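Reading through the structure tokens given below for one structure.
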Ligand code: FAD
């Protein structure tokens, strides 16, 4: 993926489809359209996954909670949602085996009456998955539950149900989807914003773009414009029609990261109802423990920050359900994400709003895709492109290929390749395993750079190495220090202080790769420090 080559194309070509927003949704739309042989452009005003798509719980799931709603309300459409998402879960595990894996999740049960309730519910989850099942759920007694999760509170523990979902690295998956779209011929550029929409005879015919790194502005022509701006979908709709009524609402979710010894390496934990009915996850993730909750109504803003009350809430739940001593000093990193939900102004509780996606077409032909979840990005892309074909009377060369097309790095991924990578690059095993999973069958290219003198860790104690900075700049369109520390590597999501310490070295490596002068280096360092702290 080459940002500058894509920008040249954005200045000279016209496209069948222009996609606004390089999160999971927009990247999925661009990939779907490109696999059909359409000419596609994708622009993202910040970085791929810089919005909600890097801030998720990192679960690929059918939605156990939505299943509960489906049963309680006999709601067929919710059943279908869960079944579709379970199908997508299986697809994602297949097309991105380097970035996604099955994860066992335990729900501890403290009330005898809960046991048949959750057992039956999770059996239904297995049944709905059908062929897409990962492994069957099962009940464990209190003793085994404590073996799996020694930090669970023993008093009144009746046992637990273990079920399976998928877990993934969301930002790297997002970048992988954008790279795959680029490999399929799409012009894909981050740090390019849509600042206006162009019309011909009252129908959309293009957009005004700005390179947010240089402030250069120009126009691009496209037959169909797809608005995949996530929580900012309504802001883009206002570029089309300043009077457009809002379609979206947002709910926020906060996560914190703790050391890995707060969770077992291979089992996550789900508390379905905390003190105020919200769900709490405690999951092993990238050698750490991720704890989080979702669904608080929230205003729409760029870069939302965790509030003190969010953090206190999570710590309080941890004290309540675990025999763990944990306080703010144990928190290595934290973040908040905004879930774009299709709004129903009458519903007060955002957890009850539909997770399904909605495709909206304006009078001028703007196709807005909104709602959904990470797990279903591929289906959302498919449905959106089907709609766009009609809007633009487009003639694709073939059907969508995304059900079979591996995400970049996935086609020839093998878990055992880590040993070879380690031997070739003389890398310690944690680094080799990390590179193998993060880059899949493209990891040898990163190792080739490491061998040329860039094998050092960015900071002690984390597997991210200097070669990734150079690879990120050359092949993954990383253009800022935060692009590297937050989304090419996940250092800032795992350990904020370590990320701050890595800034000078990343700046030096990026300066060489991108030709920054001293003034730029200093400005980039300042901007990264401000953002991360
Ligand atoms: P975004 O990722 O926000 O992308 C929209 C992009 O559009 C942004 O990058 C933005 O910069 C860009 N943009 C906006 N305006 C413009 C413009 N004018 N020009 C160019 N670009 C523009 N789903 C799951 O399946 N599993 C989970 O475990 C899970 N956990 C979640 C936890 C939390 C806390 C939250 C909030 C959500 C979670 N989700 C999960 C849902 C999932 O993360 C979202 O549905 C998904 O990431 C939304 O992606 P998106 O592309 O629509 O939005």
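The values are calculated or read from the model by the stated rules, or taken from the named source; none is laboratory data. Note that this is a predicted model, so its numbers are computed, not measured. Note that each Cβ is placed from the backbone with ideal geometry, even for glycine, and that neighbours are counted across all protein chains shown.
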When you scan segment 384-393, do you find a residue that is under 25 Å from residue 442 (Cβ atoms) and either buried (at least 17 other Cβ atoms within 10 Å of the Cβ) or touching a residue at least 60 places away in the same chain (Cβ under 8 Å) (or both), even just one?
no
Six or more apart or on different chains, Cβ under 6 Å: which pairs go from a residue in segment 105-131 that's closer than 14 Å to residue 79 by Cα to one that's surrounded by fewer than 16 Cβ atoms within 10 Å (Cβ to Cβ) and modelled with pLDDT of 90 or more? Could you list them?
126/136
From the list 451, 407, 465, which residue is farther than 24 Å from residue 102 by Cβ, crowded, with 20+ Cβ neighbours inside 10 Å and at pLDDT 95 or above?
465
Among the candidates 80, 11, which residue alone is touching a strand residue (DSSP E or B) at 6+ places or on another chain (Cβ under 7 Å) and either in a helix (DSSP H, G or I) or on the phi > 0 side of the Ramachandran plot (or both)?
11
Across segment 206-258, the tally of residues that are modelled with pLDDT under 95, touching a strand residue (DSSP E or B) at 6+ places or on another chain (Cβ under 9 Å) and away from the ligand (no atom under 11 Å from the Cβ) stands at 2
Could you tell me how many of the residues in segment 474-493 are farther than 14 Å from residue 528 by Cβ and crowded, with 21+ Cβ neighbours inside 10 Å?
4
Determine the pairs where a residue that is over 17 Å from residue 490 (Cβ atoms) and touching a residue at least 40 places away in the same chain (Cβ under 8 Å), located within segment 39-60, has a partner that is in a strand (DSSP E or B) and near the ligand (Cβ under 6 Å from one of its atoms) with Cβ atoms under 7 Å apart, the partner being 6 or more residues away or on another chain.
43/20; 43/194; 45/193
Taking residue 28 and the conditions (1) crowded, with 24+ Cβ neighbours inside 10 Å; (2) closer than 19 Å to residue 193 by Cα; (3) within 7 Å of the ligand (Cβ to nearest atom), which numbered condition does it fall short on, given that it satisfies the others?
(3)
Considering only segment 420-434, how many residues are closer than 18 Å to residue 409 by Cβ, in contact (Cβ under 8 Å) with a residue 24 or more places away in the chain, outside any loop (DSSP other than H, G, I, E, B) and out of contact with any strand residue (DSSP E or B) (no Cβ under 7 Å at 6 or more places or on another chain)?
5
A careful count of residues in segment 365-386 that are within 16 Å of the ligand (Cβ to nearest atom) and not in a strand (DSSP E or B) gives 15
Every residue from segment 299-344 that is in a helix (DSSP H, G or I) and within 16 Å of the ligand (Cβ to nearest atom)
309, 310, 311, 313, 314, 317
Residues of segment 152-164 being crowded, with 23+ Cβ neighbours inside 10 Å and within 16 Å of the ligand (Cβ to nearest atom), which ones?
163
What is the number of the single condition among (1) more than 14 Å from the ligand (Cβ to nearest atom); (2) under 15 Å from residue 173 (Cα atoms); (3) in contact with a strand residue (DSSP E or B) (Cβ under 6 Å, 6 or more places away or on another chain) that residue 109 does not meet?
(2)
Within segment 178-203, residues outside any strand (DSSP E or B) and within 10 Å of the ligand (Cβ to nearest atom) come out as 191
Result of the Cβ filter at 6 Å on segment 474-489, keeping first residues that are on the phi > 0 side of the Ramachandran plot and partners that are at pLDDT 95 or above and surrounded by 24 or more Cβ atoms within 10 Å (Cβ to Cβ), at least 6 apart or interchain, is 477/190
Selection from segment 37-47 of residues that are surrounded by 24 or more Cβ atoms within 10 Å (Cβ to Cβ) and either more than 7 Å from the ligand (Cβ to nearest atom) or part of a helix (DSSP H, G or I) (or both)
38, 40, 41, 42, 47
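Any residue at all in segment 61-81 that is under 21 Å from the mean Cα position of the chain (by Cα), within 16 Å of the ligand (Cβ to nearest atom) and at pLDDT 95 or above?
no
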Candidate set from segment 176-185 (those that are in contact with a strand residue (DSSP E or B) (Cβ under 9 Å, 6 or more places away or on another chain) and over 12 Å from residue 26 (Cα atoms)); member that is surrounded by the most Cβ atoms within 10 Å (Cβ to Cβ)
182
Name the residue, out of 3, 9, that is within 16 Å of the ligand (Cβ to nearest atom) and either closer than 30 Å to residue 415 by Cα or surrounded by fewer than 24 Cβ atoms within 10 Å (Cβ to Cβ) (or both).
3
Going by what's in this entry, would residue 165 be described as over 16 Å from residue 439 (Cα atoms), touching a strand residue (DSSP E or B) at 6+ places or on another chain (Cβ under 8 Å) and assigned to a helix (DSSP H, G or I)?
no
Qualifying residues in segment 133-151 (those that are at pLDDT below 90 and surrounded by 15 or more Cβ atoms within 10 Å (Cβ to Cβ)) - the one farthest from residue 266 (Cα to Cα):
151
